[in-house]
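Heads up: the structure comes next, in structure tokens.
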Amino acid sequence: MAPDNQNFSEGLEGIAIAESAISLVEGEEGRLTYRGYSIEDITSPESTFEEIVALLYDGTLPNSDRVNEIQQLFEKERELSDGQIEIARRAAIETHPMFALQAAVATLGPMDNDFEQKVDTVTDRGLSLIAKVGHLVGIIAQAADGREYSGPLKGESHASMLVRMITGETPTDLQVRVMNALLILQADHSAGNASTFTARVVTSTKSEPEAVISAGIGALSGPAHGGANEASLRLFERIGKPDEAEAKITELLDEKFKIPGFGHRVYHVKDPRSKVIQQLATEVITENTLASDHYEIALTVEKVATERLGHRGLFPNVDLFSGCIFEAIGVPIDFFTPLFAAARTLGWMVNMQEQWDSGNRIFRPGQIYVGESYREYTNITDR
Ligand SMILES: CC(C)(COP(=O)(O)OP(=O)(O)OC[C@H]1O[C@@H](n2cnc3c(N)ncnc32)[C@H](O)[C@@H]1OP(=O)(O)O)[C@@H](O)C(=O)NCCC(=O)NCCS
């Protein structure tokens with residue numbers, strides 16, 4: 001064994017990977033702030049995703065002119081070529097929407113591959129891609145549902161476009177409000193979460209923004225990260241009846257099953273995003289629906305798992321409840337995580353910009369080598 005002169009922390013726990021001024025997760029207090037503003041304040045009924053795009057990029061709360069500017073920019077930049085639309089639609093019928101999205105985003109990349117020469121375009125490219133990724137999620141949803149392509153409408157906000165393209169229906173104000181809130185809540189979560197860390201690692205190799213986003217999507221897809229919202233709903237479907245939830249969750253916990261939507265590396269209290277989502281749930285979930293059954297099951301999961309694991313600092317995270325309100329506004333289960341990706345593209349792109357602004361040194365951590373030391377080689381004929 002030859003230690004490589006390194007400190008080792010499994011899962012990089014307790015290691016800072018960047019200095020960042022974008023968002024702050026305070027795990028003991030259960031607080032999340034973007035540029036110093038609390039998540040509760042910036043998900044007010046009037047808040048829009050475009051407003052938070054401006055906040056995260058500019059560092060200050062925008063006035064309405066700036067929000068309109070972002071809205072107009074998105075309308076222009078979300079345009080895609082016929083080929084890009086066709087590829088996204090084709091991928092949608094071959095694979096899970098998250099993988100289709102990852103593939104489709106990669107096809108947005110340029111013909112050349114040397115981002116350092118173009119680093120002064122990092123803001124424009126980022127903003128353009130946030131608009132385009134949302135559009136791609138809508139395209140993939142239409143194709144997966146066997147519908148014709150029907151692209152963004154003039155004057156349509158990002159949230160409204162997503163609801164309309166995913167559900168196939170004209171959105172209500174409440175659906176748009178919930179979509180805005182979910183996009184805002186999932187837009188960023190410090191530089192250290194797995195997908196943003198991935199985005200920073202890929203940025204550090206001077207990759208193009210499309211490569212950064214598609215790598216982020218890959219990291220987000222796993223059930224230990226963004227995929228937990230889909231995994232929660234799949235579990236609720238398996239449980240089926242709310243009155244059977246307590247017994248089934250107890251059984252799963254006895255088997256040491258990791259309940260999706262529960263636990264967090266940083267939060268040791270209830271995730272503040274789930275409190276905002278639960279407030280919205282009271283408005284958007286109507287009684288005697290599948291979503292209300294699933295929400296009831298989620299509440300039972302919270303009760304049973306908190307009784308068993310709360311003393312160890314394990315509580316519900318954002319994914320225990322987010323799926324229930326996605327479901328209540330008509331989003332199919334396998335589009336929960338792609339929507340998370342559409343939201344988090346904002347965080348990835350602002351983190352990319354921040355990393356370039358701070359010098360962008362390549363990530364190259366070490367290892368503790370635990371393999372064999374030098375051994376004598378034997379030719380294949382002698383073995
Ligand atoms: C989020 C998560 C990946 C954090 O992982 P982590 O910080 O590495 O924590 P660990 O997986 O090492 O868990 C520590 C202990 O808590 C237990 N635990 C953690 N999350 C649990 C869960 N969701 N259900 C049951 N037990 C859980 C582990 O079994 C482990 O117990 P042990 O010490 O007896 O072996 C983990 O809590 C998890 O897998 N949660 C479910 C997936 C999820 O919701 N992800 C979205 C996060 S926003």
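Tell me whether the range 191-198 contains one or more residues that are part of a loop (DSSP other than H, G, I, E, B), surrounded by 20 or more Cβ atoms within 10 Å (Cβ to Cβ), of a type outside the set (Asp, Glu) and out of contact with any helix residue (DSSP H, G or I) (no Cβ under 7 Å at 6 or more places or on another chain).
yes
Across the range 109-127, what is the total count of residues that are closer than 21 Å to THR337 by Cα and touching a Pro at 6+ places or on another chain (Cβ under 9 Å)?
Residues in the range 109-127 being closer than 21 Å to THR337 by Cα and touching a Pro at 6+ places or on another chain (Cβ under 9 Å): 1 in total.
Of these, ASN113, ASN63, ASN68, which one is modelled with pLDDT under 95 and not β-branched (Val, Ile, Thr)?
Just a single option satisfies the conditions, and that option is ASN113.
Have a look at ASP271, ASP293, ASP319 and point out the one that is touching a His at 6+ places or on another chain (Cβ under 8 Å), not polar (S, T, N, Q) and not assigned by TED's automatic domain parsing to the domain that holds THR167.
ASP271
Restricting to the range 342-383, name every residue that is surrounded by fewer than 18 Cβ atoms within 10 Å (Cβ to Cβ), assigned to a helix (DSSP H, G or I) and of a type in the set (Ser, Thr, Tyr).
THR381
Of the conditions (1) outside the structural domain of GLN353 (by TED's automatic domain parsing); (2) within 16 Å of the ligand (Cβ to nearest atom), ILE39 satisfies every one except a single condition; which number is it?
Only one criterion is unmet by ILE39, namely (1).
I'd like the full set of residues that are under 22 Å from VAL133 (Cβ atoms) and of a type in the set (Val, Ile, Thr), limited to the range 40-70.
ILE42, THR43, THR48, ILE52, VAL53, VAL67, ILE70
Residues that are near the ligand (Cβ under 8 Å from one of its atoms) and open to solvent by less than 50 Å² (accessible area, probe 1.4 Å): list the helices (runs of 4 or more DSSP H) wholly contained in the range 246-328 that include at least 3 such residues.
Ranges flagged: 318-328.
The values are calculated or read from the model by the stated rules, or taken from the named source; none is laboratory data. This one's a predicted model, so the numbers in the text were calculated from it and none came from an experiment. Quick reminder, even Gly has a Cβ in these numbers, built from the backbone with ideal geometry, and neighbours come from all protein chains shown. In case anyone asks, the SASA skips ligands and DNA or RNA and just uses the protein heavy atoms, side chains included. Shrake-Rupley method; radii C 1.70, N 1.55, O 1.52, S 1.80 Å.
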